[in-house]
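Q: Handing you a structure now.
The values are calculated or read from the model by the stated rules, or taken from the named source; none is laboratory data. The model shown is predicted, which means the values in this text are computed figures rather than measured ones. Cβ atoms come from the backbone with ideal geometry, glycine included; neighbour counts cover every protein chain shown.
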Amino acid sequence: MAKTRYPIVYLDEALGLEGIEDDTVAINRSAAVVKGGRRFSFSALSVVGNRDGYVGIGYGKAKEVPAAIEKSIKAGRRRLMRVTRVGTTIPHQVEGVFCSSRVRLVPASPGTGIIAGKAVRKILELAGIRDILTKNYGSTNPINVVKATLVALSHLRSKEATEGLRGVSVE
């Protein structure tokens, strides 16, 4: 029986998004010791987003760096998520946990900028958030920090969504 290949559907094309940008967060090299020496392979972690509320991350592995980066960008385009924003910041304080990394995101007044480390900064920039305070706790492994940041962003709720869930008016 022959395998059927399904076409790759990128979420940015399905949603009709334009201006998707990408940025590489980390590249890791690993080595396998074989009879003739060491055989290297590379993994890449990339962030993609349109700077207007959509962001995603991708992870790719390959024998060479450019191929790993390309795979990670394709994976990120398949995993875009919507980020709730209020103006240039987030609606409320939130904390995300992934493995032993914790990331706290705190809304900031306009003009503050992005106060964040390297990995968190790239996600927030590509999500379109321009004023925010952040703090990392625990592990600073870029992969875990990026995933903890995405968990935190997924917990954000707008005032209207909260009112709808509770069935009351929030003042």
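Q: Among the residues of region 7-45, which ones are under 20 Å from the mean Cα position of the chain (by Cα), modelled with pLDDT of 85 or more and either small (Gly, Ala, Ser) or over 16 Å from Lys71 (Cα atoms) (or both)?
A: Of everything in region 7-45, those that are under 20 Å from the mean Cα position of the chain (by Cα), modelled with pLDDT of 85 or more and either small (Gly, Ala, Ser) or over 16 Å from Lys71 (Cα atoms) (or both) turn out to be Ala26, Ser43, Ala44.
Q: Return the only residue of Ala44, Ala31, Ala68, Ala26 being under 27 Å from Ser139 (Cβ atoms), surrounded by fewer than 16 Cβ atoms within 10 Å (Cβ to Cβ) and hydrophobic (A, V, I, L, M, F, W, C).
A: Values: Ala44 fails: surrounded by fewer than 16 Cβ atoms within 10 Å (Cβ to Cβ); Ala68 fails: surrounded by fewer than 16 Cβ atoms within 10 Å (Cβ to Cβ); Ala26 fails: surrounded by fewer than 16 Cβ atoms within 10 Å (Cβ to Cβ).
Being under 27 Å from Ser139 (Cβ atoms), surrounded by fewer than 16 Cβ atoms within 10 Å (Cβ to Cβ) and hydrophobic (A, V, I, L, M, F, W, C) holds for just one of Ala44, Ala31, Ala68, Ala26, which is Ala31.
Q: Condition test on Asp52, is it in a loop (DSSP other than H, G, I, E, B), surrounded by 11 or more Cβ atoms within 10 Å (Cβ to Cβ) and among the acidic types (Asp, Glu)? Break it down into steps so the answer makes sense when it comes.
A: Details: in a loop (DSSP other than H, G, I, E, B): yes; surrounded by 11 or more Cβ atoms within 10 Å (Cβ to Cβ): yes; among the acidic types (Asp, Glu): yes.
Criteria met by Asp52.
Q: Something else: Sort out which residues of region 14-49 are closer than 29 Å to Leu153 by Cα and either free of Cβ contacts under 8 Å to residues at least 12 places away in the same chain or in a loop (DSSP other than H, G, I, E, B) (or both), and write them in order of number.
A: If the condition is that a residue be closer than 29 Å to Leu153 by Cα and either free of Cβ contacts under 8 Å to residues at least 12 places away in the same chain or in a loop (DSSP other than H, G, I, E, B) (or both), then Ala14, Leu15, Gly16, Leu17, Glu18, Gly19, Ile20 are the ones that fit.
Q: Condition first: among the polar types (S, T, N, Q), crowded, with 16+ Cβ neighbours inside 10 Å and within 19 Å of Asn28 (Cα to Cα). Now tell me which residues in region 97-140 satisfy that. Break it down into steps so the answer makes sense when it comes.
A: Here is the first cut: in region 97-140, the residues among the polar types (S, T, N, Q) are 100-101, 109, 112, 134, 136, 139-140.
From what's left, crowded, with 16+ Cβ neighbours inside 10 Å: 101, 134, 136.
Hit for region 97-140 is Ser101, nothing else.
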